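No value in this document is a laboratory result; all are computed from the given coordinates. In this text, all values refer to a predicted model and were calculated from it rather than measured experimentally. No Cβ is skipped: glycine too gets one built from the backbone with ideal geometry, and neighbour counts run over all protein chains shown.
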Amino acid sequence: MRKTWKLAVLAITLAASALAGAQQIKARFGTSLPESHPQTLGARKFAELVEARSQGRIKVAVYSAGQLGSDMQMQAALQGGTQEFTAPSTATLAGLVKDFGVIGLPFSFASEQEADAVLDGPFGQKLLAKLPARGLVGLAFWENGFRNVTNSKRPIVHAEDIAGLKVRTMQNNLYIDMFGGLGANAVPMPVTELFTALESRAVDAQENPYTVVHAQKFYDVQKYLSTTGHAYDALTLLVSKKFWDKLSAADRQAIQDAAAEATAYERRTSRELNAQLRGELTRLGMQINDVSLQERARMREKLQPVIAKYTAGIGEDTVHDFFAAIDQARKR
């Protein structure tokens, strides 16, 4: 009798253990930037929150610094269902859904608060709604920040100082044409290859927020940083639709709640770091100069043909709605 009872308890324990194991969900979150960058810090906060909100059933492992591939490769992996999460630049996403290119139009946003209002509002939600048709689900917009130019040749004081520089850009036609429109030679490549290209002088320059310059140690191979602020760069927290469709309603809600909390954390971290890092980059040897509003206006004027080209390519209605949303944000 006692032996039978023990065997029954053991069977129940094993069955419960097997059921718990079957219910546990494992997922991978890949980022293209190092551990110290807000993209990866946000990913780790998201993973922590997902585990907590799912009572430990959903575990998200974070792989930073391009361990799972470039942004474009990870987007494709999400579409194929071989990876679950990533957070690429909207500029990269524009290759899949052209409407996302509107966010990178030069000299559009005046502040991070304007970007929040537009991307968290109806316009941003309309963009995210276009992703499921491409095998992706957009959970939120994160922040990379305003992009500035660094180079190894000279300070950029006037618009003409960009001319002739070999500038690495993201693998995005708008950014290629943007720098071409300013007279530079644009060289698209993944950020994971950029340090070596700068070190070998295959390219002279690159453009990124302070956080990327610091996290990627570009200060070791670039002397000058000029605050062009030519574009605001948003990130999109993505989940594979194939993965998403298999989840229960409760699991989806846990992930969405985690995404909302992680978004506030990621943006706050990005802004705090960008505010701090200017002084740190100066201490590390970079020569930083502020580009005047007048010169930024001259750059924007030079880029009018590029803006017109991409307005037509993205769609005039989308661009109109984008700037209308910015105008509305400025009236608040």
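Things worth noting here:
- Cross-link partners of Lys223 among lysines, defined as those whose alpha carbon lies under 20 angstrom from its own and excluding same-chain residues fewer than eight positions apart: Lys153, Lys166.
- The value of relative contact order for the chain, using C-alpha pairs under 8 Å at least six residues apart, is 25 percent.
- Extending 7 Å from the Cα toward the beta-carbon at both Ile288 and Glu261 defines two label points whose distance is 3.3 nm.
- Hydrophobic long helices, here whole DSSP H runs in the chain with Kyte-Doolittle means of at least -0.5 and Cα atoms spread over 24 Å or more along the helix axis, are found at 2-23.
- Considering helices alone, the calculated mean residue ellipticity of the chain at 222 nm is -15000 deg cm²/dmol, with DSSP H runs of length four and up weighted by -39500 (n - 2.57) and normalised per residue.
- Look at Thr211, Thr196 and count the other Cβ atoms within 10 Å of each Cβ; fewest to most, that gives Thr196, Thr211.
- In summary, the lysines within cross-link reach of Lys242, defined as a Cα separation below 30 angstrom excluding same-chain residues under 8 places away, comprise Lys26, Lys45, Lys59, Lys98, Lys126, Lys130.
- When Cα Rg over 2.2 N^0.38 Å is computed from the coordinates, the matching label among [x] 0.94; [y] 1.04; [z] 1.12 is [z].
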